[in-house]
Protein chains: 2
Amino acid sequence: MERTKFILDEKDMPTRWYNILPDLPEPLPQVLHPGTKQPVTPDDLKPIFPMALIMQEFSPERYIEIPEEVQAIYRTWRPTILHRAHRLEKALDTPAKIFFKYEGTSQAGSHKPNTAVAQAYYNKKEGVKRIATETGAGQWGSALAMGCMFFDIELKVYMVKISYEQKPYRRILIETWGATVVPSPSTDTKAGRDILAQDPECTGSLGLAISEAVEDAATRDDTNYSLGSVLNHVLLHQTIIGEETRKQMEMAGEYPDIIIGCIGGGSNFAGQFLPWIRDKISGEKPDLRIICVEPKAAPTLTKGPYAYDFGDVAGLTPLLKMYTLGHTFIPSPIHAGGLRYHGMAPIICHLYNLGLIEARAEYQIPVFEAGVKFARTEGIITAPEPCHNVKVAIDEALKCKESGESKNILIAHSGHGHFDLAAYDEYLSGRMKDYEFPEDKVKEALTHLPKV
Amino acid sequence: MERTKFILDEKDMPTRWYNILPDLPEPLPQVLHPGTKQPVTPDDLKPIFPMALIMQEFSPERYIEIPEEVQAIYRTWRPTILHRAHRLEKALDTPAKIFFKYEGTSQAGSHKPNTAVAQAYYNKKEGVKRIATETGAGQWGSALAMGCMFFDIELKVYMVKISYEQKPYRRILIETWGATVVPSPSTDTKAGRDILAQDPECTGSLGLAISEAVEDAATRDDTNYSLGSVLNHVLLHQTIIGEETRKQMEMAGEYPDIIIGCIGGGSNFAGQFLPWIRDKISGEKPDLRIICVEPKAAPTLTKGPYAYDFGDVAGLTPLLKMYTLGHTFIPSPIHAGGLRYHGMAPIICHLYNLGLIEARAEYQIPVFEAGVKFARTEGIITAPEPCHNVKVAIDEALKCKESGESKNILIAHSGHGHFDLAAYDEYLSGRMKDYEFPEDKVKEALTHLPKV
């Protein structure tokens, strides 16, 4: 019997997150204050984040203990399973071994609860009663609704309007866990009202929803802000994924040659690859390849400049050095809502700039073709975002078929597509459109990059 | 650390299904031919079922080996996890221990693939190229689409029209796995056309969809029929659930006092409780309580007579001795589509008639109240059908609080409600209606019971 799954018992769940900061070959560029353009201090962030998370954002410690209260909730769904995709391999007739670490069995159906639960915990511990956040496809909003439910914190979610309309199920999920959700742009904030005055039909963007949530948190004493990706502490919490996978690949007696993941803000994929890239940085595994996949409709790493930019549309956030399509960029309405962000996690950008990771951009039609292939071999319906990973994994496995190499390909599979079936319907019925790299829109957006 | 989950490795997955037939204290009443009213023979069933399944339907063997090909596919998601509902217990302040065996992590999100995969396998092995089936809420249709995909069999699904319209996601799921789906009543069969002639607005029923699928299979040489519940061999395949749970309760060092499950056709719950009820039949565990929960809108065990009836509306199936609301009964449009069937698995009816199991009927509003309670404690969004189980488990746990008894309550949790969020929306917004026991409709339907 060939193993199909590598299962960790809950007692073997890692108890520490891995922090890449002390292992980076060069330090991360500093984060700048949006007003003064000087490096931000922990005090600057205090109005919207709990101190424990601010400390994690800049921590020099290689490992950070996961609090027992967070572990206890992780154990309601973690450890997640590492699967071997035997049937996909067979269908491709490839000598490659394809593994996928599947986060779709969390109650929210994605990897997002890994940080949602941690963030809710630290806010609760510091006495915060209410949180404001944004959500794109709804994965983050629903995960944080679940996290806040576990710690009895009130939550308001600003949900990108196009997803709010296309994906009512995610909205209901958020409400079932007890949170409040409004479509963004909303009339509840100045940022939202300003955009609606310019364009009443605006379908929203993640950057804009962030502006609304940050404004909500900054203007209310009882409220903190919470971000589901991009920031260092978010990536840190997601490293539970890669730490588990290391143990599971060891059970399989294998080490990955190629690790593939999609990047929107970058947290799921970083959560998988950061615990591995230290072996490449240390020189132990110089040939390890890490491939970031992004949509052609929002090709941040592959087409954007590496520059200081805001995380949100209104320019309220600190300035981050990142590959960016411009903070005013509003991407095409592809189904992978989680990949429509203009920027990218600074840690990922830094590693890309240092040449330690690769990037590739894909069109959505071949991405869904790969998703259907996966569904018709492994059975799992993949969310639009990780369908990107499956596409590139298939490409790499077919290259192995040509070369005869038996590489180990590891897919970071961030979750199921049970809330995204309208997208599969569009693909299967031939109604799906592809979107080109929006060169004009990006060019225009880049003229608004802040001067530093 | 108190354990939250009891996890079996795939190498410890049971390799045999448990067959209750030889352990029944009295033999099951015979199945009758719809024309002759004489006991059916295996030959009578050959036009629509493969011989291996017909043999299982009447098998005197206590254990039946699970073919390695079926085990290999089971291992893509099984064994499933047994959870301890610590947070629900705490919220109820009950001394009871609540366990739930969760089938929601299968690719289809429910327990249905356990038999879908087995049925597809046996059909394939006997050279069948095409299968016709019906589906209510879409759980069975999607599971069989997945099963047929694994064995490369063409599938046509007749889906109860009200679910087809209310639950487009399940339809797309079926299509993503490569099967064809039509709303029932359809114009593709005589049974469907007849009903549409009488009532063009007919929203369908499971019994009617069965008529359509059976007619399709009986009138085409290349096509077999497949049923997702009710029959002995279907319950047999589901016993993998209870067999796993026995091992997991042993890991927990506990034995259940009360096992609770919902019953539509009865397969999920029978799959859980049959491997336990043998201890009650043998006299080893005389106090074990098994509670079947049904909706007030289709109260088969609690309100129906125990009589011979057809499994379908058109009267094409063999006659089964069962509690029934009449094969022409069309139930109210409650959200638990999987519980809207007029009849019940003969094995369950027999055990109920013998006084070995209990039954209880619930209204849907308190059932969803319990579902939201579960979501806001354990995080899991429960499908409308197992929300019935959660309701009764909460009632029993609160009785323990009153009496001070620390009973072990085991919930058969058949799957997630990610496709049923419209129902949660209706509940949360206060738009949900309750439906009384439809006494007049049942009275009328019972006048059509066949004479035996």
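The values are calculated or read from the model by the stated rules, or taken from the named source; none is laboratory data. Quantities reported herein were computed from a predicted structural model and do not represent experimental measurements. For neighbour counting, all protein chains shown are included, and Cβ atoms are generated from backbone atoms with ideal geometry for every residue, glycine included.
Scanning the range B:27-49 for any residue that is in contact (Cβ under 8 Å) with a residue 40 or more places away in the chain, buried (at least 16 other Cβ atoms within 10 Å of the Cβ) and within 14 Å of another protein chain (Cβ to nearest Cβ) turns up nothing.
Would you mind stating whether A:A361 is in contact (Cβ under 8 Å) with a residue 24 or more places away in the chain, over 25 Å from A:L45 (Cβ atoms), surrounded by fewer than 21 Cβ atoms within 10 Å (Cβ to Cβ) and within 19 Å of the chain's Cα centre (by Cα)? In short, yes. If only one of A:A370, A:A298 is part of a helix (DSSP H, G or I), buried (at least 21 other Cβ atoms within 10 Å of the Cβ), free of Cβ contacts under 8 Å to residues at least 60 places away in the same chain and on the phi < 0 side of the Ramachandran plot, which one is it? On inspection, the qualifying residue turns out to be A:A370. Here the condition is being assigned to a loop (DSSP other than H, G, I, E, B) and either surrounded by 24 or more Cβ atoms within 10 Å (Cβ to Cβ) or within 14 Å of another protein chain (Cβ to nearest Cβ) (or both); of A:Q107, A:Q119, it holds for A:Q107 alone. Among residues that are more than 14 Å from chain A (Cβ to nearest Cβ) and at positive phi, B:D93 is included.
Answer yes or no as to whether A:V234 is touching a residue at least 24 places away in the same chain (Cβ under 8 Å), crowded, with 23+ Cβ neighbours inside 10 Å and under 18 Å from the mean Cα position of the chain (by Cα). Spelling it out, A:V234 is indeed touching a residue at least 24 places away in the same chain (Cβ under 8 Å), crowded, with 23+ Cβ neighbours inside 10 Å and under 18 Å from the mean Cα position of the chain (by Cα).
Being without any contact (Cβ under 8 Å) to a residue 24 or more places away in the chain and closer than 21 Å to A:D221 by Cα narrows it down to one of A:T187, A:T180, so name that one. So that I can check it myself, show each step before the final result.
Working: A:T180 fails: without any contact (Cβ under 8 Å) to a residue 24 or more places away in the chain.
Going through A:T187, A:T180 in turn, the sole match is A:T187.
Is there a residue in the range B:403-418 that is facing chain A (nearest Cβ under 10 Å) and over 24 Å from B:G242 (Cβ atoms)? There is at least one residue in the range B:403-418 that is facing chain A (nearest Cβ under 10 Å) and over 24 Å from B:G242 (Cβ atoms). Somewhere in the range A:70-88, is a residue surrounded by fewer than 19 Cβ atoms within 10 Å (Cβ to Cβ) and farther than 30 Å from A:E254 by Cα? No: zero hits.
The residues in the range A:146-173 that are of a type outside the set (D, E, K, R), closer than 24 Å to B:A370 by Cβ and either assigned to a loop (DSSP other than H, G, I, E, B) or more than 13 Å from every other protein chain (Cβ to nearest Cβ) (or both) can be counted, and the count is 1.
Has the range A:178-187 got at least one residue that is within 30 Å of B:A370 (Cβ to Cβ) and touching a Cys at 6+ places or on another chain (Cβ under 7 Å)? Within the range A:178-187, one or more residues are within 30 Å of B:A370 (Cβ to Cβ) and touching a Cys at 6+ places or on another chain (Cβ under 7 Å). None of A:A393, A:A375 is away from chain B (no Cβ under 14 Å), crowded, with 22+ Cβ neighbours inside 10 Å and at pLDDT 95 or above except A:A393.
What about B:Q119, is it modelled with pLDDT under 95 and under 18 Å from the mean Cα position of the chain (by Cα)? In short, no.
Residues in the range A:327-361 that are at pLDDT below 95, farther than 22 Å from A:L236 by Cβ and assigned to a loop (DSSP other than H, G, I, E, B): A:H327, A:T328, A:F329, A:I330, A:P331, A:S332, A:P333, A:I334, A:H335, A:A336, A:R340, A:H342. Between B:I81, B:I73, the distinction of being within 20 Å of the chain's Cα centre (by Cα) and either within 12 Å of chain A (Cβ to nearest Cβ) or without any contact (Cβ under 8 Å) to a residue 24 or more places away in the chain (or both) belongs to B:I81 only.
Looking only at the range B:385-396, decide whether some residue is under 29 Å from A:A116 (Cβ atoms) and of a type in the set (D, E).
There is at least one residue in the range B:385-396 that is under 29 Å from A:A116 (Cβ atoms) and of a type in the set (D, E).
Any chance the range A:244-265 includes a residue that's in contact with a His (Cβ under 9 Å, 6 or more places away or on another chain), assigned to a helix (DSSP H, G or I) and surrounded by 24 or more Cβ atoms within 10 Å (Cβ to Cβ)? No. When A:S229, A:S211, A:S186 are screened for being assigned to a loop (DSSP other than H, G, I, E, B), touching a Leu at 6+ places or on another chain (Cβ under 9 Å) and either surrounded by 24 or more Cβ atoms within 10 Å (Cβ to Cβ) or charged (D, E, K, R) (or both), only A:S229 passes. State all residues of the range A:419-452 that are crowded, with 21+ Cβ neighbours inside 10 Å and part of a loop (DSSP other than H, G, I, E, B); if no residue qualifies, say none. Answer for the range A:419-452, where residues must be crowded, with 21+ Cβ neighbours inside 10 Å and part of a loop (DSSP other than H, G, I, E, B): A:F419, A:D420. Kindly indicate the residue of the range B:174-200 that is in contact with a Gly (Cβ under 7 Å, 6 or more places away or on another chain) and more than 20 Å from B:A314 (Cα to Cα) and also farthest from the other protein chains (Cβ to nearest Cβ) among those meeting that condition. So, considering only residues that are in contact with a Gly (Cβ under 7 Å, 6 or more places away or on another chain) and more than 20 Å from B:A314 (Cα to Cα), the one farthest from the other protein chains (Cβ to nearest Cβ) is B:V181.
For A:L274, the conditions (1) closer than 30 Å to A:G35 by Cα; (2) touching a residue at least 60 places away in the same chain (Cβ under 8 Å); (3) surrounded by 24 or more Cβ atoms within 10 Å (Cβ to Cβ) all hold with the exception of (1).
Within the range B:145-164, is there a residue that is touching a Gly at 6+ places or on another chain (Cβ under 6 Å) and closer than 27 Å to B:E65 by Cβ? Yes - at least one qualifying residue is present in the range B:145-164. Checking each residue in the range A:378-407 for being among the small types (G, A, S), closer than 19 Å to A:K296 by Cα and assigned to a helix (DSSP H, G or I) picks out only A:A393. For the range A:265-278, check the following and say yes or no: at least one residue is at positive phi and either modelled with pLDDT of 95 or more or among the charged types (D, E, K, R) (or both). Within the range A:265-278 (the criterion being at positive phi and either modelled with pLDDT of 95 or more or among the charged types (D, E, K, R) (or both)), the answer is yes, since at least one residue qualifies.
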